[in-house]
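Any read-out appearing in this document is the output of simple, stated calculations on the displayed coordinates, not a laboratory observation. For clarity, every value in this text was computed on a predicted model and none was experimentally measured. Cβ: placed from backbone, ideal geometry, glycine included. Neighbour counts: every protein chain shown.
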Amino acid sequence: MFEYLDGKITVKKMGYVAIDVHGIGYKVFVSLQTLDKIVLGEKTKLYIYNHVKEDQFKLIGFAEERERDFFEILINVNGIGMSLALSILSTFSINDLKQIIASENTKLLTKVPKLGAKKSQKLIVDVKDKMKNLQLVDTFDSGSSTKNAQLEEDIYLALGALGYSKKEIDKFITPTDIEKYDTIETAIKDILKKISK
């Protein structure tokens with residue numbers, strides 16, 4: 001099993017790339033979001049999902065770990081297979097998907113080929129609670145956006161360790177709150193004050 005592959009991109013085609021690692025070329029299927037970030041001839045690190053069945057073994061690659069995490073969530077939804085999950089990630093960015101799911105916009109989801117209204121509704125129900133573990137902004141964003149994403153993740157981990165559920169934490173933090181916190185210590189103190197009121 002592969003956790004990631006780090007090598008030179010020797011082939012770049014619609015739907016897949018070939019990555020050369022120590023002279024061995026691996027065919028890796030990718031979403032359009034990942035494909036757009038890959039440059040032919042450059043060294044690239046792809047996070048791998050190992051798709052194993054009795055009659056086949058495929059490598060699915062992602063430019064970001066969180067895209068792989070989202071892919072794994074999607075394929076665990078009944079009726080969403082590998083191809084459809086890649087199609088969803090090719091149609092929308094992670095941030096767009098989070099907004100679509102949070103707002104329960106089934107109409108927009110049906111823009112994905114072969115994703116009908118019923119599957120869209122099921123996807124939203126199954127994924128909504130699980131996606132809280134994923135970062136809320138692009139890891140390719142620089143500066144404050146990346147800092148805020150890391151801080152938010154730390155807040156959830158810290159309060160979770162204190163016994164608070166994600167639903168409870170959600171009630172007391174907003175994106176605006178995250179922006180005003182300089183450190184995890186300040187954030188935890190402020191949130192605990194809100195909770196105790």
(message) On a full-extension model of 0.36 nm per residue, what is the gain between Glu65 and Lys43, subtracting their alpha-carbon distance, rounded to one decimal in nm?
(response) 6.2 nm
(request) With unit charges on the beta carbon (Lys/Arg positive, Asp/Glu negative), name the residue among Val17, Ile173, Ile100 whose Cα is farthest towards the positive pole of the charge dipole of the chain. (result) Ile100
(message) For a Förster distance of 30 Å, can you work out the FRET efficiency between the beta-carbons of Ser93 and Ile24, rounded to the nearest 0.05?
(response) 0.45
(request) List Leu74, Leu5 from most exposed to least, where exposure is judged by having the fewest other Cβ atoms within 10 Å. (result) Leu5, Leu74
(request) Could you point to the residue in Leu74, Leu157, Thr34 farthest towards the positive end of the chain's charge dipole, with +1 and -1 charges on the Cβ of Lys/Arg and Asp/Glu respectively? (result) Leu74
(message) Placing unit charges on C-beta atoms (Lys and Arg positive, Asp and Glu negative, everything else neutral), compute the dipole magnitude of the chain about its Cα centre in debye, rounded to 20.
(response) 700 debye
(request) Please report Val77, Val125 as a ranked list, fewest other C-beta atoms within 10 angstrom at the top and most at the bottom. (result) Val125, Val77
(request) Subtracting the Cα-Cα distance from 0.36 nm times the residue separation, let me have the gained length for Lys13 to Asp55 in nm, one decimal. (result) 12.7 nm
(message) Quick check: pseudo-label points 7 Å beyond the Cα along Cα→Cβ at Asn76 and Thr183, how many nm apart are they?
(response) 3.5 nm
(message) Below 19 Å, Cα to Cα, which lysines can Lys167 reach? Residues fewer than 8 away in the same chain don't count.
(response) Lys98, Lys128, Lys130, Lys132, Lys189, Lys193, Lys194, Lys197
(message) Highest mean first, how do 6-15, 61-70 rank when packing is the count of other Cβ atoms within 10 Å averaged over residues?
(response) 61-70, 6-15
(message) Under 19 Å from a point placed 7 Å out from the Cα of Leu157 along the Cα-to-Cβ direction: which residues of region 58-99 have their backbone N that close?
(response) 64-70
(message) Quick check: convex hull over the Cα atoms of the chain, volume per residue in Å³, rounded to an integer?
(response) 149 Å³
(message) For the pairs Lys53/Lys114; Lys37/Lys180; Lys45/Lys122; Lys122/Lys171; Lys12/Lys53, flag any whose C-alpha to C-alpha distance is greater than 29 Å.
(response) Lys37/Lys180; Lys45/Lys122
(request) List, in order, the whole-Hz ³J(HN,Hα) value for each residue of region 125-130 obtained from phi through the Karplus relation with A = 6.51, B = -1.76, C = 1.60 and θ = phi - 60°; use x for Gly and Pro. (result) 4, 6, 8, 3, 6, 6
(request) Rank these for me by crowding, Ser83, Ser196, going from fewest to most other beta carbons within 10 Å. (result) Ser196, Ser83
(request) Multiply the residue gap between Ser165 and Lys118 by 0.36 nm, knock off their C-alpha separation, and tell me the result in nm, one decimal place. (result) 14.0 nm
